[in-house]
1. Give me the one-decimal nm value for the distance between modelled label points at B:D210 and A:R602, 7 Å along each residue's Cα-to-Cβ direction.
2. Give me the count of lysine pairs in chain B whose alpha carbons sit under 29 angstrom apart, restricted to pairs 8 or more positions apart or on different chains.
3. Mind pulling up the Rg/Rh value for the stretch B:98-175? Radius of gyration and Kirkwood radius, both on Cα.
4. How long are the semi-axes of the ellipsoid equivalent to the stretch B:167-324, from square roots of 5 times the Cα gyration tensor eigenvalues, in whole Å, largest first?
5. Using protein chains only and a probe of 1.4 angstrom, how many square angstrom of A:W569 are accessible, to the nearest 10?
6. Mind pulling the per residue volume of the convex hull built on the Cα atoms of the stretch B:1-49? Å³ is fine.
7. Just counting partner chain Cβ atoms within 10 Å, what average do the residues of peptide A:434-444 show around their Cβ?
8. Could you give the longest part of chain B that holds none of the GluC sites (Glu not before Pro) found in DSSP loops with at most 13 neighbouring Cβ atoms within 10 Å?
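The values are calculated or read from the model by the stated rules, or taken from the named source; none is laboratory data. All of these numbers come straight from a predicted model, not from anything done at the bench. In this analysis, Cβ positions are derived from the backbone assuming ideal geometry, glycine residues included, and neighbour counts consider all displayed protein chains. To get the accessible areas, we keep the full protein, side chains included, count just its heavy atoms, and leave off ligands, DNA and RNA. Shrake-Rupley method; radii C 1.70, N 1.55, O 1.52, S 1.80 Å.
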Amino acid sequence: MPAEQSRLTWLIGGAQGSGVDSAANIFARACAFGGLQVYAQREYYSNIMGKHSYYQVAVADRALGAPRDQADLLVSFDAETVFLHARQVCASGGLIYDPKLAETPLERAAAMEERARTSLAHYLVDEQGLDETLGSMIQAAQARGVHCFPIPYRELLQKLADETGTALSSLKRVINLLAVAASCALLQYPLEPLLRALAAVFAGKAKVIKLNSRACELTYQYVADSFAGEKLARHLEPVETDQLRIYLTGTEAVALGKIAAGCSLQAYYPISPATDESSYLDAHALVPLKSPPGEPAKQAALIVLQTEDEIAAITAATGAALAGARAATSTSGPGFCLMTEALGWAGINEVPLVISLYQRGGPSTGLPTRTEQGDLRFVLHAGHGEFPRLVLASGDLSECFHDAIRVFNWAERYQTPVIHLLDKALSSAGQTLPPFELEGVRLDRGLRAYEASEGEYRRFAWSESGISPRTVLGQAGGMFWNTGDEHDETGHITEDPLVRDQMMEKRARKLQTAAQEIPEAEKFNLFGDPDAETMIVSWGSPKGAILEALEVLKAEGHSLSFLQVRLLWPLPARALEALLRRAKRRIAVENNYSGQLAGLIREQTGIKIEQLIVKYNGRPILSDELSEALKALLATKPGDSSSQKVVLTHGI
Amino acid sequence: MAYKLSDFKTEVHVDWCPGCGDYGILSSIQMALAGLNVPPQRTAIFSGIGCSGKTTHYVKAYGVHTLHGRVLPYATGAKLANPNLLVIAVGGDGDGLGIGAGHFIGAGRRNLDITYVLFNNGVYGLTKGQASPTLKLGMQTKGLSQPNPNEGVNPLMLALAAGYTFMARGYAFNVPELVKLIRQGVEHHGSSFIEVLQPCPTYNNLNTRDWYGGLDRPDPETGRAQPRVYSLADTGYDPLLTPEMSEEQTHELLGRYVARTSEWGERIPVGVFLINRTTSTYEERISRRIPFYTQQTPAERVIADEAGRPTVDLSPLLAELRVS
């Protein structure tokens, strides 16, 4: 691909249940099989069937890490997708639609939000002087230079039915694939990697593969015959690569990290957007172990327990951790709310416990399937009373994997709960990556008293570091007691004021130990020009959009640095302060309302981050809207009060 | 090796009120454990919150005093991670059937091999005598300003509905019988539920030791007290449900179960109400998928070599995700 066209944004939409996900999955794999790299992001309603969902797949010959607002090619097979997304297509881009729907009026898109419908009516009627039909949307798009391609899905299906002797009614599920095939053909992408993707997705289902492959061939032929003259400005070419790649989602990356870390029990209660992680683990309950060549493959057990609620999930995981298992739970905001009492229990009893928290829009049920970074302040303080916890936020899928291992090491080393902070944007991001390497990975099980002698062992014995050698339930010679009450060194209840002080201080010391021991490279990353006047500060999933925006701005002559804070608690305040002081202008970018990290930094370092770019509409920060916002901010003076808080609002 | 009662006693001062039924239950648990021939360190006792929650501190075995209502999921996690542990959960009626009712049902449905002993005294003692979920409708114990406006839940009926496979009821001051019940419960493969009736001498002034003992209703002829509590076994009640039984026989047993567990007031049966051998344990269900589960337990799994390198081989999983 020519350099200026090195990124293509492909967008498919449709009613939930109509195959949007599988279409995007096939397209992403087809690109990957052609040596290209992919970043995909899924948006969907909290609904089983009928509401609008869409999938954006960005493709390039290099690694990508964020969604964009603007699409190069919109792929649709229903009306609502055209209405909602046509205006996102860039001027020279393309739009695939079903010509049968041309007369469909706006009001027939029944599942559409009223606000969107009103806004579209205004656009079509008042601004464009057109009527409220899909045909008008197409007309308006064409007027902007968008190439619109009618694909008669029904006719193609009929042809497929006649040719293969299959009933038309049973071919409905193929429509999404026709849309993918049409888009590939229009992008002049070869058929072969698409067929490979089909073979991979439908592995073991020869009949399905055959039927779908034929559907793709027919569509390619149709496109060649019908749109020979009309060309898309953009095309997609396979590239040669000898790099091994995998394609996976954020939840899969976390799950793989847990498996690598030796997690042997995960307890969970179903909740969006965390459940996919537990489902993956459950499907891989028999964990493959390394075995010497020639010997039969060995396996280990990973128990995935679906509990009656989130309280049972965290408490069962805690019980398993007490027995010696590496144990975890995985949840989202509402579930974590229920877990907080048990979080404190794990804190006071110094239990190594891992909680993977996928943030979603809050408060309450909020936006169950949409993203937000609204829980930072919550996880820092969740639970009554004071106890140590570590909080680590991942910014991309690679970090998701390695951090999932890291949090188990920390949990066991510091014998306390560790929260792995994730979000919906990470969970539903799909990405091509080199296969994860375990080469440098080491597992640290922390201080254990393997040879404890009966009568002398004290589970919570005083120590300089705050860490006491641990035994596990069932171990000979290491008997202990736990209680949610304050306890003495053996674990029995006490209300003695002196012992209370000692225990509070012992637990608190562990956090100081952690802060000293954890290497700086695991606490934060600094990207871009370290001497730049302007520093962006962020955490978690906006990382990808920020890095892309940095590139765009660099090309336009703006030099910036980006401080990605990873260890949010204990916050490496001194190191952050030194870095922050080097910048003249500091801008926090966060997927929440108030700039929670900016607030935490001010609390811990005294430094006020003057400018905030925030987004709280439930959609991830898009790289193009972010670079525009940054450009606008850079044009103002740092102290300009009108630019202190910029709210990003894009996303459907 | 044979164990003595003292092997299961700690030095911790027992701080229950004089005359509390908890003493009888604690002794029964300790005696049952001493008779089981399982080393104390292979035993883990979990408790909820309330007076009964302190039980773990008085028993010399791994003791985990958990959160209010959450004893069963803590115990479940430990037992799942190490199925070779002997796991006993204890808790009060408010803990298990009020705040923890959801877990009571969840545990019954799983049928994990654990034993749950419910201390039932009809009141929340440690918070000064509020009505518990088992206090009957219209009862006004001395901490209440008005008669209880809620019907009391029947723990044994709830246990049946939830799927426990061993159900029994004991009385805190009939220690020899309670020891037997706990022992049977522990030896049963599957989730055992043992309700223990116990007076709260401080806050339940209705269901007292004298009341259970029938001191208020002497035999008109002999003048001797006629205890309300009677042994189910003495009536010829057979609690065994086996796969060989016909539908009719099963229905007959369940009918008896409902009838006997519904008795309250003048006659209160204790003993084993049901032993259900028609279903599998959770461990068996897991073992069908993971045949080595009980030999290579999740808790004891070796996850790294001596240098800390993971023992897991990710390559088959990564191969599933390959796109090149």
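1. 6.8 nm
2. Eligible lysine pairs with Cα atoms under 29 Å apart amount to 21.
3. Numbers: Rg = 14.0 Å, Rh = 13.9 Å.
Here the Rg-to-Rh quotient is 1.01.
4. Values: eigenvalues 503, 94, 32 Å².
Semi-axes from the Cα gyration tensor: 50, 22, 13 Å.
5. Result for A:W569: roughly 60 Å² accessible.
6. Numbers: hull volume 4.6 nm³, N = 49.
Expressed per residue, the convex hull around the Cα atoms of the stretch B:1-49 is 93 Å³.
7. What the average comes to for A:434-444 is 4.
8. Values: sites that count: B:E11, B:E151, B:E221, B:E244, B:E263, B:E266, B:E306.
Between exposed loop sites, the widest span is B:12-150.
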